[in-house]
1. Which residue pairs have Cβ atoms under 6 Å apart, sit 6 or more places apart or on different chains, and have a first residue in the range 1-14 that is within 18 Å of Val81 (Cβ to Cβ) and at pLDDT 85 or above and a second that is surrounded by 10 or more Cβ atoms within 10 Å (Cβ to Cβ) and of a type in the set (A, V, I, L, M, F, W, C)?
2. Among the residues of the range 26-75 satisfying the criterion of being of a type in the set (S, T, N, Q), without any contact (Cβ under 8 Å) to a residue 40 or more places away in the chain and touching a strand residue (DSSP E or B) at 6+ places or on another chain (Cβ under 7 Å), which is surrounded by the fewest Cβ atoms within 10 Å (Cβ to Cβ)?
3. Within the range 204-232, restricting attention to residues that are surrounded by fewer than 12 Cβ atoms within 10 Å (Cβ to Cβ) and of a type in the set (Ser, Thr, Tyr), which residue is modelled with the lowest pLDDT?
4. Applying the selection to the range 39-55, what residues are of a type outside the set (Val, Ile, Thr), at pLDDT below 95 and within 21 Å of Lys120 (Cα to Cα)?
5. Regarding the range 189-206, can at least one residue be identified that is out of contact with any strand residue (DSSP E or B) (no Cβ under 6 Å at 6 or more places or on another chain), farther than 19 Å from Thr132 by Cα, in a loop (DSSP other than H, G, I, E, B) and among the small types (Gly, Ala, Ser)?
6. Look at the range 114-158 and say how many of its residues are assigned to a loop (DSSP other than H, G, I, E, B), surrounded by 12 or more Cβ atoms within 10 Å (Cβ to Cβ) and not hydrophobic (A, V, I, L, M, F, W, C).
Amino acid sequence: MASLTVTERTRHRRLREQGSLDRDALDAILGAGFVCHLGVQVDGDLLVVPTVYGCDGTTLYFHGSVASRSLAAAPGTQVCVTVTHVDGLVLARSVFEHGVNYRSAMVFGTPRHVGDPDEKLAGLRCLTEQSTPGQWDYARRPSRKELAATALLALPLDEVSVKIRTGAPEDGEGPDAELGLWAGVLPLRTAWGALEADPLLDKGIEPPAHLARRAGTRCPGTRAGDGAARLT
């Protein structure tokens with residue numbers, strides 16, 4: 001089983017029992033989502049920007065017009081990209097022990113601009129297929145003009161921190177167990193809804209099979225909630 005490399009930035013100092021060095025766990029977390037939060041310094045201000053991403057197993061590709069500005073002004077700018085999945089609420093007998101079921105990954109490093117047309121197409125395909133498998137082959141591909149206007153960044157998965165917490169509330173064997181209060185987990189499960197056609201869509205155009213199959217199904221980032229993370 002492959003292990004993640006530990007650095008000063010990825011070392012688990014708090015709640016170490018929730019830390020994971022399992023590379024398969026990282027791949028599962030990144031593979032289950034398509035929206036990340038990008039933390040970057042821009043013109044002296046710290047910004048955290050939500051954006052879509054795709055991962056090919058070794059590289060994280062993401063749209064990054066804000067980060068591109070920062071890299072142009074200061075090459076070598078470090079960023080932090082996070083991906084988090086919330087699986088539910090952990091409701092203990094005391095508010096102090098309340099928590100959240102979650103899986104998270106933090107990726108540190110210096111992204112690079114993707115300028116090569118072939119890699120940019122491959123990265124955009126990765127990004128598109130991450131959120132909507134089958135859509136890249138269905139929709140029109142980007143034109144040269146559109147490719148030139150698109151800022152795509154690549155960040156290697158060389159420095160990563162993973163945390164996962166599973167388990168019931170942690171006060172079941174403490175003094176609060178005598179309060180007679182209910183405690184447990186309220187799972188969070190999200191699902192795709194029914195397809196909503198563009199009002200300007202010509203009559204007779206049916207949705208492709210890859211979208212019709214997905215409508216009404218559970219989102220890939222959702223699983224049964226059975227973990228807990230301290231909020232404090």
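1. Listed pairs, sorted by first residue: Leu4/Leu21; Leu4/Val160; Arg9/Phe108.
2. Quick first cut of the range 26-75, residues of a type in the set (S, T, N, Q) only: 41, 51, 58-59, 65, 68, 70.
Among the residues that remain, those that are also without any contact (Cβ under 8 Å) to a residue 40 or more places away in the chain are: 41, 51, 70.
Among the residues that remain, those that are also touching a strand residue (DSSP E or B) at 6+ places or on another chain (Cβ under 7 Å) are: 51, 70.
Details: Thr51: 18, Ser70: 20.
Filtering the range 26-75 for residues that are of a type in the set (S, T, N, Q), without any contact (Cβ under 8 Å) to a residue 40 or more places away in the chain and touching a strand residue (DSSP E or B) at 6+ places or on another chain (Cβ under 7 Å), the one surrounded by the fewest Cβ atoms within 10 Å (Cβ to Cβ) comes out as Thr51.
3. Here the residue is Thr232.
4. The initial filter retains those residues of the range 39-55 that are of a type outside the set (Val, Ile, Thr), namely 39, 41, 43-47, 50, 53-55.
This time we only want the ones that are at pLDDT below 95, so: 39, 41, 43-47, 50.
Within the range 39-55, Pro50 is the sole residue that qualifies.
5. yes
6. Taking the range 114-158 as the starting set, the residues that turn out to be assigned to a loop (DSSP other than H, G, I, E, B) are 114-116, 132-134, 139-143, 149-151, 157-158.
Restricting the remaining residues to those that are surrounded by 12 or more Cβ atoms within 10 Å (Cβ to Cβ) gives 114, 132-134, 141-142, 150-151, 157-158.
From the residues that got through so far, the ones that are not hydrophobic (A, V, I, L, M, F, W, C) too are 132-134, 141-142, 150, 158.
Summing the residues that are assigned to a loop (DSSP other than H, G, I, E, B), surrounded by 12 or more Cβ atoms within 10 Å (Cβ to Cβ) and not hydrophobic (A, V, I, L, M, F, W, C) in the range 114-158 gives 7.
The values are calculated or read from the model by the stated rules, or taken from the named source; none is laboratory data. Small disclaimer: the values here were computed from a predicted structure and weren't measured. When we count neighbours, we look across all protein chains shown, and the Cβ atoms used for this are built from the backbone with ideal geometry, even at glycine.
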